[in-house]
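J.: Let me give you the structure first, and then I'll get to my questions.
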Amino acid sequence: VVGGAVVGGLGLGAGLLRRPEAPSLRALTRPAWSRVASWARVGGTGGVLAVALLVAVSALVVTLWVVAGRATVGDVVRGLNLDAVGGVVLAFAELAFLPNLVVWALAWLSGPGFAVGLGSRFSPTEVVPTPLPAVPLLGGLPAPDLVGPATAGAPVVLVVVGLVAGWYVHRRVRPTAGWHALAACAVTAATAGVLVATLVTLASGAAGPGRMASVGAHGWAVGGMVALGVLVGSALVVLPGDPFVRAGARRLLRVPDRDGTPAGED
């Protein structure tokens, strides 16, 4: 009932906003959004950008998984002995399941990994498979022989995404106090962490009785790792470019200004 109400409400709202005389979404949210400090607005947008990049990278990872496991996927499809109608129905069902797989790949990139059944574990450092349902896309999950030193460094992607989000924040933020830059990075990391935790929680839960009562990942564990990686990456870009931070560093190191006067002295 709740799901149906949410879907119907979103559809109704989207239809109302598409009317020619309807105001834009930006215009509707401007009264509330404009009350937020500029550094917080920039940080929030940077967090959304980070999540969008992570979802895009996760979709690429899923594509690589399916390509690597295409033989297993093909075996599952042939084993089902589907007719034309059954094949079409299965194809649409797989498309509906695909977003969950992308979110699981995000949990995999973050380090904690995910489970598809009790006792299973799929992470960059360890793969513990268990018998899976006859769902073709599940044949594309990473195999134990794919785990190695290269996959162990997968969480570095979080820092790289943080660097990109930090570059956006650096270009947009206009600090008027020494703590504004760090606060913008914190808001960026917190926004990304909360959004990812929500996505992972929605893509996890019970998918059936018995072993399938545990599917997905722990939302806040994944969100915490994402927040940490984005915070480190964004701080590496934003803080060195902040004028207040540079001035503090010059005073600490007693680096002279351009006129030869030691920093902090008139």
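Any read-out appearing in this document is the output of simple, stated calculations on the displayed coordinates, not a laboratory observation. Just so we're clear, the structure is a prediction, and the values are computed from it rather than from any experiment. Positions of Cβ are backbone-derived with ideal geometry, glycine not excepted, and every protein chain shown enters the neighbour counts.
J.: For the range 227-238, take each phi angle, set θ = phi - 60°, evaluate the Karplus expression 6.51 cos²θ - 1.76 cosθ + 1.60, and give the result in whole Hz per residue in order, putting x for glycine and proline.
T.: 4, 5, x, 5, 4, 4, x, 5, 5, 5, 9, 6
J.: Ranking request for peptides 183-196, 85-98, 152-165: highest mean number of other beta-carbon atoms within 10 Å first, then the rest in descending order.
T.: Averaged packing, sorted descending, gives the order 183-196, 152-165, 85-98.
J.: Cα atoms only, the chain: Rg and Dmax in Å?
T.: Considering the chain through its Cα atoms, Rg and Dmax are 23.4, 85 Å.
J.: Compute the FRET efficiency between Val160 and Asp83 as 1/(1 + (r/R0)^6), taking r as their Cβ-Cβ distance and R0 = 45 Å, and round to the nearest 0.05.
T.: With a Förster radius of 45 Å, E is 0.45.
J.: Oh, and also: Seen from all sides and averaged, what is the projected area of the convex hull of the Cα atoms in the range 1-118, in nm²?
T.: Convex hull of Cα atoms, orientation-averaged projection: 12.5 nm².
J.: So how do 17-24, 240-247 stack up, highest first, on mean other-Cβ count within 10 Å?
T.: 240-247, 17-24
J.: Note the full-extension length gain between Leu118 and Trp33 as 0.36 nm times their separation in residues minus their Cα-Cα distance, in nm to one decimal.
T.: 26.3 nm
J.: Using 1/(1 + (r/R0)^6) with R0 = 30 angstrom and r between the beta carbons of Leu17 and Leu202, what's the FRET efficiency to the nearest 0.05?
T.: With a Förster radius of 30 Å, E is 0.80.
J.: Which distance in Å, rounded to a whole number, links the C-alpha centroids of the range 208-256 and the range 1-48?
T.: Using only Cα atoms, the two centres lie 26 Å from each other.
J.: Using the Cα atoms of the range 95-176, I'd like the radius of gyration and the largest Cα-Cα distance, Dmax, both in angstrom.
T.: 16.6, 58
J.: Per-residue counts of other Cβ atoms within 10 Å, averaged by peptide: what ranking do you get for 126-139, 53-66, highest first?
T.: 53-66, 126-139
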